[in-house]
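Student: There's a structure below that I have some questions on.
The values are calculated or read from the model by the stated rules, or taken from the named source; none is laboratory data. Note that the structure is a prediction, hence the values are computed from the model and not measured. Glycine gets a Cβ as well: all are built from the backbone with ideal geometry, and neighbour counts include every protein chain shown. What goes into the accessible areas is simple: the full protein's heavy atoms, side chains included, and nothing from ligands, DNA or RNA. Shrake-Rupley method; radii C 1.70, N 1.55, O 1.52, S 1.80 Å.
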Protein chains: 2
Amino acid sequence: VIELYRYKLTIAYDGTNYAGWQIQQGVITVQSELERALNTLAGKLIRVYGSGRTDQGVHARGQTAHLDLPHKMPPSDLRRAMNALLKPDIRVMNARLAAKDFHARNNVKIKEYRYFIWNSQIMPPFMRYYKTHIKHNLDVSDMRKAALFLLGKKDFAAFAANPKYKLATTIRHIYSITIRKHGSDIVIIIKGNGFLYKMVRSISGFLIRVGRKSVPAEITGNIITSKKRTALVPTAPPQGLFLWKVQY
Amino acid sequence: VIELYRYKLTIAYDGTNYAGWQIQQGVITVQSELERALNTLAGKLIRVYGSGRTDQGVHARGQTAHLDLPHKMPPSDLRRAMNALLKPDIRVMNARLAAKDFHARNNVKIKEYRYFIWNSQIMPPFMRYYKTHIKHNLDVSDMRKAALFLLGKKDFAAFAANPKYKLATTIRHIYSITIRKHGSDIVIIIKGNGFLYKMVRSISGFLIRVGRKSVPAEITGNIITSKKRTALVPTAPPQGLFLWKVQY
């Protein structure tokens, strides 16, 4: 029996040039880049298990993952070696030894996403890959009103896209939605126990609509109870979205 | 006689994908992109005169320029039309009508540059094109000590690279150098009446050396009076540098 050593990684990545997190045939993804680095390092396939997927163009400040190594290695050496083998748009921010039964996806307690909006006529070029540009003035108090309807344990079928895989349930628990405004910057901070496919972008897209006054905040409850995705809920573009933090 | 209308532009750009500001044969520059947009707009060559050049990979938050149009046009229309014709990594942030004798380079009173450093072991991927990564801990108080020697009207030949063009003088006046530290972020803010070729990157490269304790702050005066560029003054990489503001 080979003893394996489990590690937990915290990973930041710029999703601009990747076809999302998940390994897929014929495209370069964040997971495939991490496994390529580990293959070089260990001389064999080492699987990386993330806390969940992110879509093409979506970023992560604090994605988490676990992996097993056949040899014990100081976590800071693993971190340094991986960063030396990765392109600078993926960084292992932290590595640590984890319990043998730690699981990056199954053990998640809270996931936090942040959606960044630049709400002004002209967007400085430096943020074009990291914020969504909305020229139309957004009413943040209306967005906050709508957000209240989304809190709690609910069926979020109306705020999800059809996944390619079959889901056991579309019930999720949203713990909090905070909307911060500072000058032209608006950030939607969403915490929950988990999220459906494109759920954060759907909620953000809907809240932007409410902020533009093209949909009244009061309709939010009806949309949830309908459990039907409609044109009232657009998917906001990926570049504004960051997987911010995963708590265990 | 054709009457011409002079406009002043404030321009932000991400220098990553450009061979600097200045038009050159065979490469794409910020100036060539602006003139391309104006050519489409006016149907003829409209020259753009910047406050000065920036090198390949250097950014601008507030570059300024002037140009003459044969027809009077509301400045906000000019701004909007140019932005529609430019790629999102160059933005006209502001346009206004200027006096007929306004000259973006000759009338400069104060130029402000900012050099951004990320001083920590690992750099999050989102800042890789906009900050310079220095792993070695920098002593900011030593950097401030060295900066004091650089203030005032001085011959800065030792802090410039040889330009391709002949200079009348290498005397410049530095009004202030402020070094801010906030967590892992360090910013060097330099204001002066003008700067020699690669002067801000040379000063930044030198101050980084001082901060690393590889050169004592007290040597700064001797370097200035030597008027000779030496290996003690390296050129810091371009991606940390922003032309921040030009005042008239």
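Student: Out of B:72, B:87, B:135, which single residue is assigned to a loop (DSSP other than H, G, I, E, B) and at pLDDT below 95? Quick ask: steps written out before the conclusion?
Tutor: Values: B:87 fails: at pLDDT below 95; B:135 fails: at pLDDT below 95.
Just a single option satisfies the conditions, and that option is B:72.
Student: Does residue A:123 count as in contact (Cβ under 8 Å) with a residue 40 or more places away in the chain and either away from every other protein chain (no Cβ under 14 Å) or out of contact with any Gly (no Cβ under 9 Å at 6 or more places or on another chain) (or both)? I'd like the intermediate steps shown before the answer.
Tutor: Values: in contact (Cβ under 8 Å) with a residue 40 or more places away in the chain: no; either away from every other protein chain (no Cβ under 14 Å) or out of contact with any Gly (no Cβ under 9 Å at 6 or more places or on another chain) (or both): yes.
No.
Student: Regarding the stretch B:208-220, can at least one residue be identified that is closer than 23 Å to residue B:60 by Cβ and out of contact with any His (no Cβ under 6 Å at 6 or more places or on another chain)?
Tutor: yes
Student: For residues that are in contact with a Lys or Arg (Cβ under 9 Å, 6 or more places away or on another chain) and within 14 Å of another protein chain (Cβ to nearest Cβ), tally how many sit in the stretch B:129-140.
Tutor: In the first step, residues of the stretch B:129-140 are kept if they are in contact with a Lys or Arg (Cβ under 9 Å, 6 or more places away or on another chain); the result is B:134, B:136-140.
Then keep just the ones that are within 14 Å of another protein chain (Cβ to nearest Cβ); that gives none.
Result for the stretch B:129-140: 0.
Student: Let me ask something additional. Which condition from (1) exposed (fewer than 15 other Cβ atoms within 10 Å of the Cβ); (2) more than 14 Å from chain A (Cβ to nearest Cβ) is the one that residue B:179 breaks?
Tutor: (1)
Student: I'd like the full set of residues that are within 12 Å of another protein chain (Cβ to nearest Cβ) and open to solvent by 40 Å² or more (accessible area, probe 1.4 Å), limited to the stretch B:82-114. Spell out how you get there, then give the answer.
Tutor: Our first condition is that a residue be within 12 Å of another protein chain (Cβ to nearest Cβ); within the stretch B:82-114, this holds for B:82-84, B:86-95.
Passing the criteria: B:84, B:87, B:88, B:93, B:94.
Student: Additional query: Restricting to the stretch B:36-49, and then to whatever is closer than 25 Å to residue B:111 by Cα and open to solvent by 10 Å² or more (accessible area, probe 1.4 Å), can you tell me which residue is farthest from the chain's Cα centre (by Cα)?
Tutor: Among those residues, the one meeting the criterion is B:47.
Student: Which residue, of B:168, B:158, is open to solvent by 60 Å² or more (accessible area, probe 1.4 Å), of a type in the set (A, V, I, L, M), away from chain A (no Cβ under 14 Å) and over 18 Å from the mean Cα position of the chain (by Cα)?
Tutor: Numbers: B:158 fails: open to solvent by 60 Å² or more (accessible area, probe 1.4 Å).
B:168 is the lone residue from the list that is open to solvent by 60 Å² or more (accessible area, probe 1.4 Å), of a type in the set (A, V, I, L, M), away from chain A (no Cβ under 14 Å) and over 18 Å from the mean Cα position of the chain (by Cα).
Student: Here are some residues: A:53, A:79. Which one is closer than 19 Å to residue A:104 by Cα, open to solvent by 50 Å² or more (accessible area, probe 1.4 Å) and either in a strand (DSSP E or B) or not β-branched (Val, Ile, Thr) (or both)?
Tutor: Working: A:79 fails: open to solvent by 50 Å² or more (accessible area, probe 1.4 Å).
After applying the criteria, what remains is A:53.
Student: Then there's this: Can you give me the number of residues within the stretch B:1-32 that are buried (at least 21 other Cβ atoms within 10 Å of the Cβ) and part of a helix (DSSP H, G or I)?
Tutor: So the answer is 3.
Student: Considering only residues of the stretch B:185-199 that are open to solvent by 30 Å² or more (accessible area, probe 1.4 Å) and in a loop (DSSP other than H, G, I, E, B), which is modelled with the lowest pLDDT? Explain how you work it out, then say what you get.
Tutor: The first filter runs over the stretch B:185-199 and keeps only residues open to solvent by 30 Å² or more (accessible area, probe 1.4 Å), leaving B:185, B:191, B:193, B:195, B:197-198.
Keeping just the survivors that are in a loop (DSSP other than H, G, I, E, B) gives B:193, B:195, B:197-198.
Working: B:193: 96, B:195: 95, B:197: 92, B:198: 95.
That would be B:197.
Student: Every residue in the stretch A:83-139 that is over 27 Å from residue B:242 (Cα atoms) and over 23 Å from the mean Cα position of the chain (by Cα), please.
Tutor: Selection gives A:84, A:85, A:97, A:99, A:100, A:101, A:136, A:137, A:138, A:139.
Student: Are any residues in the stretch A:200-223 under 26 Å from residue A:64 (Cα atoms) and either touching an Asp or Glu at 6+ places or on another chain (Cβ under 9 Å) or buried (at least 24 other Cβ atoms within 10 Å of the Cβ) (or both), and if so, which ones?
Tutor: Those that are under 26 Å from residue A:64 (Cα atoms) and either touching an Asp or Glu at 6+ places or on another chain (Cβ under 9 Å) or buried (at least 24 other Cβ atoms within 10 Å of the Cβ) (or both): A:200, A:201, A:203, A:204.
Student: For the structure I just gave you, tell me whether residue B:23 is over 14 Å from residue B:63 (Cβ atoms) and within 21 Å of the chain's Cα centre (by Cα).
Tutor: Values: over 14 Å from residue B:63 (Cβ atoms): yes; within 21 Å of the chain's Cα centre (by Cα): yes.
So residue B:23 fits the description; yes.
Student: Okay, next question. When both residues are 6+ apart or on different chains and their Cβ atoms are under 8 Å apart, which pairs have a first residue that lies in the stretch B:138-150 and is aromatic (Phe, Trp, Tyr), and a second that is surrounded by fewer than 16 Cβ atoms within 10 Å (Cβ to Cβ) and in a helix (DSSP H, G or I)?
Tutor: Partner pairs satisfying both residue conditions: B:149/B:221.
Student: Being in contact (Cβ under 8 Å) with a residue 60 or more places away in the chain, within 18 Å of residue A:58 (Cα to Cα), aliphatic (A, V, I, L, M) and within 14 Å of chain B (Cβ to nearest Cβ) is the requirement here; does residue A:117 meet it? Talk me through it step by step, then tell me what you get.
Tutor: Working: in contact (Cβ under 8 Å) with a residue 60 or more places away in the chain: yes; within 18 Å of residue A:58 (Cα to Cα): yes; aliphatic (A, V, I, L, M): yes; within 14 Å of chain B (Cβ to nearest Cβ): no.
Here the answer is no, as residue A:117 does not meet what is asked.
Student: Quick test of your reading of the structure: residue B:68 fulfils all but one of (1) of a type outside the set (A, V, I, L, M); (2) in contact with a Leu (Cβ under 6 Å, 6 or more places away or on another chain); (3) within 14 Å of another protein chain (Cβ to nearest Cβ). Name the failing condition by number.
Tutor: Every condition holds for residue B:68 apart from (3).
Student: For residue A:79, indicate whether it is over 22 Å from residue A:179 (Cα atoms) and at the interface with chain B (Cβ under 10 Å from one of its Cβ atoms).
Tutor: Numbers: over 22 Å from residue A:179 (Cα atoms): yes; at the interface with chain B (Cβ under 10 Å from one of its Cβ atoms): yes.
It is true that residue A:79 is over 22 Å from residue A:179 (Cα atoms) and at the interface with chain B (Cβ under 10 Å from one of its Cβ atoms).
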